[in-house]
Amino acid sequence: MLDLAWRDQRTVTTAELKLLLGGSDGHARVVAHRLVRKGWLEPLKRGLFLVVPADRGPAGIPDTNPLAVGAHLAAPYFYSYATACSFHHLTEQAFTTVYLVCQRAHRALLVRDTRYVFVRVNETRFFGFEEVDVLGAKVDMATLERALLDAVDQTRHAGGIGEVSRIVRNAAPRVSWPRLVVHAERWKESAIVQRLGYLLDLHGATLDERTRERLHRLVLPDNKIFLGDRKRWGTSGKLIAEWGIVENVPRDVLIERGDGVRRPMLLPKRAKP
């Protein structure tokens, strides 16, 4: 373990332990199991362990940064949905689930009471992220614009349609419209633009004519969608013709009150510049 600490290695695999120990696969697994029992390794997923810094001992694990841990669970990856919306201060709702976008299918994982959900996208939609610092760890995070589109696309990963409505409201004054439109044009998904356009208008967001025109071009002619999930909200509602949205979610859910349960904060908010 001291050798790993000297290398400042944060994770180790059973294959790396085998090389380090010079033994067999079975011996490496036995050693890994013993180190886990002693508190020097923390299991992340099958064959991958978090190394507890030697200068902190087993007590060093509880303060582990969940996003630093998650960065080792899939490659390539970037954080988005509720996780990125929280990072960009678009929501005050706290989430105990961490959401990662990746290109391969992964089962959800539970690591030290934090649930990691992996949302698979194809290579053409793997864009719109940057490296950021979260509590001293460098991780890949969706830009504000990509986080907004992801939340609108899959509202269940961002607190539900009511919370997503407030995310849109909070994002509108800060979003880079040219960047968002470029993202939307690369995405080529009419429903996302329809839902986003409706929510922007609902909150009175100011869109310049050029931006509104470019968004309208991405909406398929005569394409009508429901604002909220039909199983939860039903199929009744007024049709908002400009965006082809059936308004099947009550206005008080979208504007006045939340539709989710508040939970303990996953991470402290970063200091505003």
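The values are calculated or read from the model by the stated rules, or taken from the named source; none is laboratory data. Quick caveat: nothing in here was measured; it's all calculated off a predicted structure. Counting neighbours? That spans all protein chains shown, and the Cβs are built from the backbone with ideal geometry, glycine included.
Restrict the check to the range 135-151 and report whether at least one residue is without any contact (Cβ under 8 Å) to a residue 24 or more places away in the chain, out of contact with any strand residue (DSSP E or B) (no Cβ under 9 Å at 6 or more places or on another chain) and either outside the structural domain of E42 (by TED's automatic domain parsing) or among the aliphatic types (A, V, I, L, M) (or both). There is no residue in the range 135-151 that is without any contact (Cβ under 8 Å) to a residue 24 or more places away in the chain, out of contact with any strand residue (DSSP E or B) (no Cβ under 9 Å at 6 or more places or on another chain) and either outside the structural domain of E42 (by TED's automatic domain parsing) or among the aliphatic types (A, V, I, L, M) (or both). Only residues that are crowded, with 22+ Cβ neighbours inside 10 Å and closer than 16 Å to V249 by Cβ were counted in the range 167-197, giving 6. Of all positions in the range 208-216, at least one carries a residue that is buried (at least 20 other Cβ atoms within 10 Å of the Cβ), assigned by TED's automatic domain parsing to the domain that holds T96 and either at pLDDT 95 or above or within 21 Å of the chain's Cα centre (by Cα) (or both).
Set side by side, the residues R251, R210, R217 differ, and just one is among the basic types (K, R) and farther than 20 Å from E185 by Cα, which is R251. Checking each residue in the range 236-273 for being assigned to a loop (DSSP other than H, G, I, E, B), in contact with a strand residue (DSSP E or B) (Cβ under 8 Å, 6 or more places away or on another chain) and at pLDDT 95 or above picks out G237, G244, N248.
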